[in-house]
Structures are given as C-alpha cells and as structure tokens.
Amino acid sequence: MGWFPLTGAMFSLQISHLWHWAAWLGLLYLLFKVSKVYLMWRDLVASYKPFPGPLCHWLYGNAREFLQVGKDLELVYQWAQSYTYGFPLWFGNFFACLIITHPDYAKTVLSRQDPKDDTAYRFIVPWIGEGLLVSSGQKWFQHRRLITPGFHYDVLKPYVTLMADCTKIMLDKWERLVPSEKPVELFHHVSLMTLDTIMKCAFSYQSNCQTDSDNTYIRAVYELSYLVDHRFRHFLYHNDFIYYLSPQGFHYRRALKVAHEHTDKVIKQRKELLKNEKELDKISQRRHLDFLDILLCAKDENGHGLSDKDLRAEVDTFMFEGHDTTASGISWILYALAKHPKHQEMCREEIKEVLGHRTTVEWEDLGKIPYTTMCIKESLRLYPPVPGIARKLSKPITFCDGRSLPEGSRIILSIYTINRSPSFWRDPEVFDPQRFSVENSADRHPHAFLPFAAGARNCIGQNFAMNEMKVAVALVLQRFQLLPDPDNEPKKIPQIVLRSMNGINVRLRKIEDYGSKALGAESM
C-alpha cells in the first residue's frame with residue numbers, strides 16, 4: 001500500500017514536467033511565429049519605403065478609405081496628383097501593393113510577362129477558370145498561340161453583319177420605350193445585346209437573350225461581378241471556409257452554377273455538331289468560322305488539343321470578357337455622347353454620309369468613320385472598361401527613376417488614372433476627341449492610353465471589341481438622339497469592369513427622318 005502514494009507523486013511530477021515543457025515549447029513556437037511575422041512586416045516596409053504614399057492607419061492601413069464604395073477611383077486619382085509615378089497602398093500591416101499612375105512605370109511593367117496577382121484574381125478563378133485572363137507561364141503562352149487564329153481578319157470580317165443584326169434588335173426595343181419619355185438604363189440593354197453578339201459571333205449560338213423576358217445568365221454575371229468585388233473588399237471573406245459558409249458564399253455558388261450550365265450547354269451543342277466535321281475547312285464551307293470552332297479543333301505541336309477543363313475556362317473567359325467589358329465600353333460611350341451633343345451631332349453627320357440610306361453596317365464602313373472612332377477612343381480614355389490590372393512580380397524590377405521592387409511584390413496599374421495623367425493629357429477631365437487625331441497622336445507616349453493594356457498580355461479581343469463599338473455607336477446615332485439625364489448622373493464603380501452604382505441613364509429621342517430612310521432602304 002505504501003508504493004501507491006509514491007507512484008502517484010512520481011506520476012504527478014512527470015505530468016507537471018510535461019506541462020512545463022509543453023508550455024515552453026508553446027512559448028518558443030509563438031515567439032518563432034511572431035518573429036517570422038515581424039520579419040515579413042519589416043521586409044514589406046523596406047520594399048515599399050522608396051515610394052512615399054498617403055498616410056495610413058497603424059492597424060488597418062488605407063483599408064478604411066476603400067470601404068466607401070464608389071469612392072475608389074477618385075481617391076486614387078487624387079492621390080496620384082501628389083505622388084507622380086505611383087504610391088503604396090496598405091491593407092492592414094501585412095499586405096501592400098504599389099499603385100502605378102504614370103505611363104513610364106506602366107511601360108516597365110507591361111514590357112515583362114509577370115503573372116496576374118493571385119490575391120485579387122483568385123476570387124474570379126472559380127467562375128472563369130484558368131483561361132487567358134489569369135493563367136501564366138507556359139500554359140498562357142500555349143493557349144495564346146492556339147487561340148490567336150480565332151481573331152484573324154478573315155474570322156472577324158463576317159462578324160460585322162451579326163453585330164449589326166444584334167444591335168438592331170436592341171434598337172427596336174428602344175423604339176417601344178421612346179413614347180414613355182423616361183430615361184433608359186443603358187447597361188442592362190447593352191449587356192443583353194453584347195451577350196447576343198458574342199453568342200452568335202464566337203459560338204454560332206442563337207440565345208434569344210434580348211427577347212427573353214428574363215435572362216438568367218446576365219443576372220448571374222451581374223451577381224458574380226458584385227460578389228467578387230464585395231469579397232475582395234472584406235478581409236474575412238478572403239478565407240474560403242468562412243466565405244463559403246456565409247450568405248454571400250451561397251449566392252456565389254448559385255450564380256456560378258447558372259453561369260457554368262450556360263457554358264456547358266454551348267460547348268455540348270457544338271461538340272454534337274462537330275462529331276463528323278473535324279476539319280476547319282469543311283466547317284468554313286458550311287458557315288463562318290468562329291472562336292469555338294478554333295478552340296475545339298486547335299492542336300499543339302504534339303497533336304494535343306485543349307482538355308475539357310481548359311476548354312471551358314477559355315469559353316467562360318471569352319464569354320464574360322467578350323460581352324461585359326464591351327457592354328461597359330459601349331454604355332459609357334453613349335453616355336459621353338449624350339453629355340456632349342456637339343460631338344454627337346458631328347458623329348451622326350459622318351455616319352449619315354457613310355451609310356446613306358442603308359440601315360446596317362458593313363466591314364468596309366468601319367474605316368470610314370474617323371471622327372466617330374476618335375470619340376470612341378476619348379470615351380475609352382475617360383471611362384476605361386477595365387479600370388485597373390494587377391501583377392505579382394516574378395523577379396525584381398527597376399523603374400526609370402532608379403527605384404526598385406523585389407520579387408513577389410504586388411503592383412496595380414491604375415488604367416483609369418494613367419489615362420488621365422496630367423503630364424500627357426492637357427485638361428484631362430475634358431472630353432476632347434481631337435486628342436486622337438493623327439497629328440495629335442503621333443508623338444504621344446505609347447502607354448499614356450491603355451484601354452486594352454499593352455505588351456505581350458494585351459487584350460487578344462481588342463479588334464473584335466473596337467469593331468462592335470463602332471457598329472453599335474453608328475446604328476444608335478443613326479436612329480436616336482441621345483440626351484443626358486441630369487437628375488441621375490452615374491456613380492462610377494470598378495466591379496471587375498467599370499460600372500455605375502445607379503446605372504447609366506440617358507433619354508432617347510427618335511431621329512425624325514429615320515423611318516423614311518429605313519423604308520427607302522427596304523424598297524431598294
């Protein structure tokens with residue numbers, strides 16, 4: 001019996017020692033983690049120290065300013081007036097990025113092939129996959145090479161008629177809205193039109209989305225754009241586990257399901273169609289080649305095509321990029337012309353001279369409307385469809401003034417601010433299409449105007465987008481006079497593309513002699 005107390009005491013002593021050592025180990029581990037975090041913070045501060053920037057809070061940095069939705073773009077633009085080339089923004093103590101606001105800095109970044117920053121773009125990957133927009137390295141290079149033939153002159157040329165047909169469906173809808181004399185919210189109508197266009201041009205798919213009373217895919221895209229932006233702004237939602245348990249995570253998954261089902265349906269129908277027609281020349285004899293034909297038939301040097309996963313990623317990417325960015329561009333162009341009636345009328349006269357009594361646009365017409373093209377470019381300068389792009393440096397970078405950033409640093413090119421750089425644009429807030437005349441454009445910095453980015457990773461669909469914008473603007477101005485809605489000025493917000501918190505509203509007035517012209521054209 002005497003052994004039991006002694007054994008118990010020894011056992012208690014061992015447990016006590018174990019707890020003692022566990023406490024020390026826990027403390028050492030905590031000190032290790034704290035020192036690791038401190039070193040990371042010190043390196044981050046050292047990296048961005050050469051770049052002065054706006055004052056930031058000791059705990060949350062500049063994050064609080066960006067919780068004011070709708071203030072982002074103007075805030076960055078204001079700071080850019082004080083910090084010429086760029087400045088760091090801090091979101092907390094352990095995340096910072098350099099906002100680039102000058103063409104010289106943009107040139108340095110865009111001459112490289114750094115990957116997109118995964119901090120921002122990873123939230124969009126579940127939606128559009130790792131297609132051209134977010135992929136990098138050898139995968140990006142291989143896909144870019146396989147997809148480039150889809151944007152050849154011979155492929156783009158037949159699209160112009162389809163673009164015109166889709167625009168006319170939208171304008172016929174507007175005809176019915178004119179008698180009400182109420183403002184028309186452009187973005188919704190134009191989004192349906194550009195989706196209809198991309199489906200017909202790139203996928204030879206009749207979606208009827210403009211005549212359907214409710215298009216679930218468009219609603220899903222709106223919701224996904226909002227939710228991606230909302231998630232980026234709220235740090236807790238950066239954690240996948242927390243986000244997917246939240247109400248926003250539920251809505252995100254539901255919208256993803258709708259978007260992916262739409263894509264899968266398009267791909268499935270085309271695969272069925274191509275079962276017995278694998279060669280592009282056979283397809284081209286039956287109808288115009290499109291983007292999906294080229295994707296499905298593309299082969300690398302080893303004879304391998306795109307996997308099902310990569311195929312859907314590229315289709316999702318192009319379906320979104322090919323309609324939402326263009327919808328933003330067209331909507332803001334029409335808004336700008338409504339605000340500037342003198343320039344609107346000059347465009348209309350030019351379009352009348354080119355089209356005559358025709359109510360459609362042909363390929364040859366696109367090069368004959370230089371003033372309208374200048375107005376489109378000036379609107380893209382003031383209202384870039386993609387207001388910013390992010391990069392993560394794959395190696396150190398040294399800028400033109402000798403300042404450097406190490407590998408792993410994050411950069412955001414503020415296209416919105418670069419397009420307004422007072423060093424290169426006199427009175428940058430003024431709408432002046434003459435900036436893009438041949439003589440005024442000749443000596444301009446090649447990176448002072450970046451509607452489609454630049455360098456190796458520039459927008460592969462920029463010619464498609466410019467063609468569609470020209471067609472849409474020409475046919476709208478031929479039929480309608482655009483008037484501003486002074487009581488409802490748009491409030492710009494970057495939600496992947498440039499949108500407005502309260503819509504982009506204009507008033508429409510029918511051009512009086514359009515009906516007789518259209519009738520005359522039909523009888524010819």
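Considering the stretch 425-511, the qualifying strands (runs of 3 or more DSSP E), each wholly inside and each with 1 or more residues that are closer than 16 Å to Leu380 by Cβ, run over 492-495, 497-500. Reported count of residues in the stretch 72-94, each being open to solvent by 50 Å² or more (accessible area, probe 1.4 Å), at pLDDT below 90 and touching a helix residue (DSSP H, G or I) at 6+ places or on another chain (Cβ under 7 Å), is 2. Determine if the stretch 88-108 includes at least one residue that is charged (D, E, K, R), without any contact (Cβ under 8 Å) to a residue 24 or more places away in the chain and not in a strand (DSSP E or B). No: the stretch 88-108 contains no residue that is charged (D, E, K, R), without any contact (Cβ under 8 Å) to a residue 24 or more places away in the chain and not in a strand (DSSP E or B). Does Phe232 meet the test of being in contact with a helix residue (DSSP H, G or I) (Cβ under 7 Å, 6 or more places away or on another chain) and open to solvent by 50 Å² or more (accessible area, probe 1.4 Å)? For Phe232, the condition - in contact with a helix residue (DSSP H, G or I) (Cβ under 7 Å, 6 or more places away or on another chain) and open to solvent by 50 Å² or more (accessible area, probe 1.4 Å) - is met. For the stretch 37-55, the set of residues classified as closer than 24 Å to Glu407 by Cα and either among the aliphatic types (A, V, I, L, M) or part of a loop (DSSP other than H, G, I, E, B) (or both) consists of Val37, Leu39, Met40, Leu44, Val45, Ala46, Lys49, Pro50, Phe51, Pro52, Gly53, Pro54, listed by residue number. The residue list Ser404, Ser423 contains one member that is within 15 Å of Ile99 (Cα to Cα), open to solvent by 30 Å² or more (accessible area, probe 1.4 Å), in contact with a Ser or Thr (Cβ under 9 Å, 6 or more places away or on another chain) and not basic (Lys, Arg), which is Ser404.
Step by step: first the residues of the stretch 331-366, then only those that are modelled with pLDDT of 95 or more and among the small types (Gly, Ala, Ser), then the one that is nearest to the chain's Cα centre (by Cα). Which residue is that? Top of the filtered list is Ser331. Whether a residue is open to solvent by 60 Å² or more (accessible area, probe 1.4 Å) and under 29 Å from the mean Cα position of the chain (by Cα) was assessed, and Ser47 does not pass this test. Please work out if Lys278 is outside any helix (DSSP H, G or I), open to solvent by 50 Å² or more (accessible area, probe 1.4 Å) and modelled with pLDDT under 75. When the stated conditions are applied, Lys278 passes them. When each of Thr211, Thr167, Thr194 is tested for being farther than 20 Å from Leu477 by Cβ and of a type outside the set (A, V, I, L, M, F, W, C), the lone residue that passes is Thr211. When you scan the stretch 347-355, do you find a residue that is in contact (Cβ under 8 Å) with a residue 12 or more places away in the chain, over 20 Å from Glu439 (Cβ atoms) and either open to solvent by 20 Å² or more (accessible area, probe 1.4 Å) or in contact with a His (Cβ under 8 Å, 6 or more places away or on another chain) (or both), even just one? Checking the stretch 347-355: at least one residue is in contact (Cβ under 8 Å) with a residue 12 or more places away in the chain, over 20 Å from Glu439 (Cβ atoms) and either open to solvent by 20 Å² or more (accessible area, probe 1.4 Å) or in contact with a His (Cβ under 8 Å, 6 or more places away or on another chain) (or both). Scanning the stretch 148-187 for residues that are among the acidic types (Asp, Glu) and either touching a residue at least 12 places away in the same chain (Cβ under 8 Å) or under 20 Å from Asp365 (Cβ atoms) (or both) yields Asp154, Asp165, Glu175, Glu181, Glu185. Only residues that are in contact (Cβ under 8 Å) with a residue 12 or more places away in the chain and open to solvent by 30 Å² or more (accessible area, probe 1.4 Å): list them for the stretch 360-369, please. Listed by number, the residues that qualify are Thr360, Glu362, Trp363, Lys368.
Residue count for the stretch 245-263 under the criterion of being over 22 Å from the mean Cα position of the chain (by Cα) and either of a type in the set (A, V, I, L, M) or within 18 Å of Gly129 (Cα to Cα) (or both): the result is 1.
I'd like to know if the stretch 289-305 contains one or more residues that are in a helix (DSSP H, G or I), open to solvent by less than 70 Å² (accessible area, probe 1.4 Å), over 29 Å from Tyr159 (Cα atoms) and at pLDDT 80 or above.
Filtering the stretch 289-305 down to residues in a helix (DSSP H, G or I) leaves 291-297.
Narrowing the set further to residues that are open to solvent by less than 70 Å² (accessible area, probe 1.4 Å) leaves 291-297.
Filter again for over 29 Å from Tyr159 (Cα atoms), leaving none.
So far as the stretch 289-305 goes, no, none of its residues is in a helix (DSSP H, G or I), open to solvent by less than 70 Å² (accessible area, probe 1.4 Å), over 29 Å from Tyr159 (Cα atoms) and at pLDDT 80 or above.
Just one residue in the set Tyr244, Tyr222, Tyr237, Tyr217 is modelled with pLDDT of 85 or more, assigned to a helix (DSSP H, G or I), open to solvent by less than 70 Å² (accessible area, probe 1.4 Å) and not hydrophobic (A, V, I, L, M, F, W, C); that residue is Tyr237. Restricting the first member to the stretch 438-456 and to residues that are without any contact (Cβ under 8 Å) to a residue 40 or more places away in the chain, and the second to residues that are among the hydrophobic types (A, V, I, L, M, F, W, C), the beta-carbon pairs closer than 8 Å and six or more apart or on different chains are Arg444/Phe424; Phe452/Cys459; Phe452/Ala465.
The values are calculated or read from the model by the stated rules, or taken from the named source; none is laboratory data. Since the structure is predicted, the reported quantities are computational estimates derived from the model, not experimental observations. Methodologically, a virtual Cβ is constructed for each residue, glycine included, from the backbone with ideal geometry; neighbour enumeration extends over all protein chains shown. Just so you know, the surface numbers come from the protein's heavy atoms only, side chains and all, with ligands and any DNA or RNA stripped out. Shrake-Rupley method; radii C 1.70, N 1.55, O 1.52, S 1.80 Å.
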